[in-house]
Amino acid sequence: MKFHLAVNLERLDLDIEMEKVEAHTLDMVQMADRGGFETVWAAEHHALEMTIAPNPFQILTWWAAHTERIRLGCAVAVAAYWHPINLAGEAAFTDLISGGRLEFGIGSGAYQREFDRMHPGLKQQDAYRYMHEMLPVLKELWAGDYAHDGEFWQFPTSTSCPKPIQDPHPPIWVAARSPITFDWAVENGCNLMSWPIARPHAEMVEYKRRFDDALTKNPSAARPEWAMMRHAAVYEDAADWQVPVKAAQRQLGMFTTLFAGDGGVTEGVPAETPTDRLEEHADYNTQSLHENLLVGTPDEVIEKLKTYEALGVDSFIYYASMGLGLEEQKRSMELFISDVMPAFT
């Protein structure tokens, strides 16, 4: 099993200096590069301090200049926020200047709040249609001249300038949870990444079933790579488990604010959900988070990761941004690299 890193420029408190967040994020990426991680992922989000990522390709360009070998992924470019010519060129340019290290992720988008600002009138549940139209257009633009007359975009003959270094294009990834997305990804030759958030292992087993069903429906398709993402933290003393769990609980409580609707965000920071309400939540109480997230001592984390490996997960995505203190995040990465990863070489 291979390992990827997902890390954001994350501020849950505005009194944290942005320069410290910037330096910390790059430190984490460079640690992953030196430590043998295969890929690092940057998100796309807008007007939110908890995920400062207005352009994932700008972030990847920054990381490319300060790393040697790690591959650079966008997870994910939100199709409805882009024009195809713009997206094709941005991605290809990133592939060019990184020496062919781009992993291209595309998706539907997460929060209705963002759609209300970036694409007013579009409902989040309908955004997958933009992704379905966008992907084949990108492939055509990367290949050469192409004119398009679709439902959402129309343009005369154009091409991507520059072209990607990777032939015929960078590996393509799709964020997949629903059966229709698994089916579409396999049909279109896309790798898949899944995020069960804080749900139990049974959720991952269900994703595996959907993956297997998609492969069965498409017997001529090559098996894509399947990655699984979880909040992750490693610590030396088993008694310290509440530190990362409480941090993750706070951040996940902010997710509930974002998914609930438009209210409760001030200066880009979502309102926190009261702890007593989270303790009543089946997935967000501290005991469930301790069990379901990838948190633990090195031996505990290895044992949890073995269940991912047994399930058939090709790559585990270590989600480092979980509201944990910056020094705690770095120490966790050090322990993961030195004490956990060697068990899977």
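Laboratory data are not the source of any read-out in this text; all were calculated from the coordinates shown. In this text, all values refer to a predicted model and were calculated from it rather than measured experimentally. Methodologically, a virtual Cβ is constructed for each residue, glycine included, from the backbone with ideal geometry; neighbour enumeration extends over all protein chains shown.
Put +1 on the Cβ of every Lys and Arg and -1 on every Asp and Glu Cβ in the chain; which of ALA143, MET254, LEU9 then has its Cα farthest towards the positive end of the dipole?
ALA143
By a straight-distance test (C-alpha under 20 Å), which aspartates and glutamates pair with LYS139 as possible cross-link partners, with residues fewer than eight away in the same chain excluded?
GLU90, ASP95, GLU103, ASP149, GLU151, ASP167, ASP183, GLU187, GLU225
Between helix 242-260 and the chain, what is the angle of the helix's C-alpha long axis to the longest principal axis, kept within 0 to 90° and rounded to the nearest 10?
With both axes taken from Cα atoms, the answer is about 40 degrees.
Cross-link candidates for LYS217: which lysines have Cα within less than 19 Å, leaving aside residues fewer than 8 places away along the same chain?
LYS208
Restricting attention to the range 7-62, which GluC sites (Glu not before Pro) occupy a DSSP loop and are surrounded by at most 13 other Cβ atoms within 10 Å?
Here the sparse-neighbourhood loop sites are GLU17.
If you place +1 on the Cβ of every Lys and Arg, -1 on the Cβ of every Asp and Glu, and leave all else neutral, what size is the dipole of the chain about its Cα centre, to the nearest 20 Debye? Intermediate values should be presented prior to the final figure.
Working: 28 positive and 51 negative charges, 159 e Å.
So the dipole magnitude of the chain works out to roughly 760 debye.
How many percent of all Cα-Cα pairs in the chain sit more than 27 Å apart?
It works out to 45 percent of all Cα pairs.
Starting from the 7 Å offset along Cα-to-Cβ, what nm value, one decimal, do you get for the label separation of ALA143 and ALA238?
5.7 nm
For a quick check, take a GNM of the chain with Cα springs below 10 Å and name the residue from ALA127, ALA75, ALA238 with the largest mean-square fluctuation.
ALA238
Cut-off 19 Å, label point 7 angstrom out along Cα-to-Cβ of ASP213: give me the residues of the range 293-309 whose amide nitrogen falls inside.
Answer for the range 293-309: none.
Taking H as built 1.01 Å from N, whose amide H comes closer than 5 Å to the amide H of ALA42, not counting residues under 5 places away?
GLY73, CYS74, ALA75
Taking 0.36 nm per residue of separation and subtracting the Cα-Cα distance, what length does fully extending SER220 through ALA23 add?
The SER220-ALA23 span can extend by a further 66.3 nm.
Give the dimensionless ratio obtained when the Cα radius of gyration of the range 1-92 is divided by 2.2 N^0.38 Å.
Scaled against compact globular proteins, the figure is 1.10.
Mind jotting down the distance between the C-alpha centroids of the range 207-259 and the range 262-309, whole Å?
Each part reduced to its Cα centre gives a spacing of 11 Å.
Quick one: GLU267, GLU280, fewest Cβ neighbours within 10 Å first, how do they rank?
GLU267, GLU280
Hey, got the Cα dimensions of the range 37-169 along the principal axes, in Å, largest first?
The Cα atoms of the range 37-169 stretch 42, 39, 18 Å along the principal axes, largest first.
Please give the helix 326-335 orientation as an angle from the longest Cα principal axis of the chain, in degrees from 0 to 90, rounded to the nearest 10.
On a 0 to 90 degree scale, this one is about 90.
Given the options GLY261, GLY100, GLY296, state which has the largest fluctuation in a GNM of the chain using a 10 Å cut-off (strictly under) for Cα springs.
Top of the fluctuation ranking is GLY261.
Calculated FRET efficiency, THR345 and LEU311, Cβ-Cβ r, R0 25 Å, to nearest 0.05? Kindly include the intermediate steps, with their values, before the conclusion.
Details: r = 19 Å, r/R0 = 0.78.
Taking R0 as 25 Å, the efficiency between THR345 and LEU311 is 0.80.
If the elastic network links every pair of Cα atoms under 10 Å, which of VAL40, VAL186, VAL21 fluctuates the most in the Gaussian network model of the chain?
For the chain, modelled as a Gaussian network with Cα springs under 10 Å, the answer is VAL21.
Scan the range 110-145 for trypsin sites (Lys or Arg not before Pro) in coil per DSSP, keeping those whose Cβ has at most 12 other Cβ atoms within 10 Å, and list them by number.
LYS123
With a 10 Å Cβ neighbour count serving as the proxy for reagent exposure, in which order, fewest first, do THR51, THR159 appear?
On the way: THR51 20, THR159 16.
Sorted ascending by nearby Cβ count, the order is THR159, THR51.
Assuming R0 = 56 Å, what is the FRET efficiency of CYS161 and ASP15, from their Cβ-Cβ distance, to the nearest 0.05?
Details: r = 43 Å, r/R0 = 0.78.
That pair, CYS161 with ASP15, gives E of 0.80.
How big is Rg to Rh over the range 29-74, alpha-carbon atoms, Rh as the Kirkwood inverse-mean-distance radius?
In the range 29-74, Rg relative to Rh is 1.00.
Any chance you could give the angle, 0 to 90 degrees and rounded to 10, that helix 298-311 forms with the longest Cα principal axis of the chain?
Roughly 40 degrees, rounded to the nearest 10.
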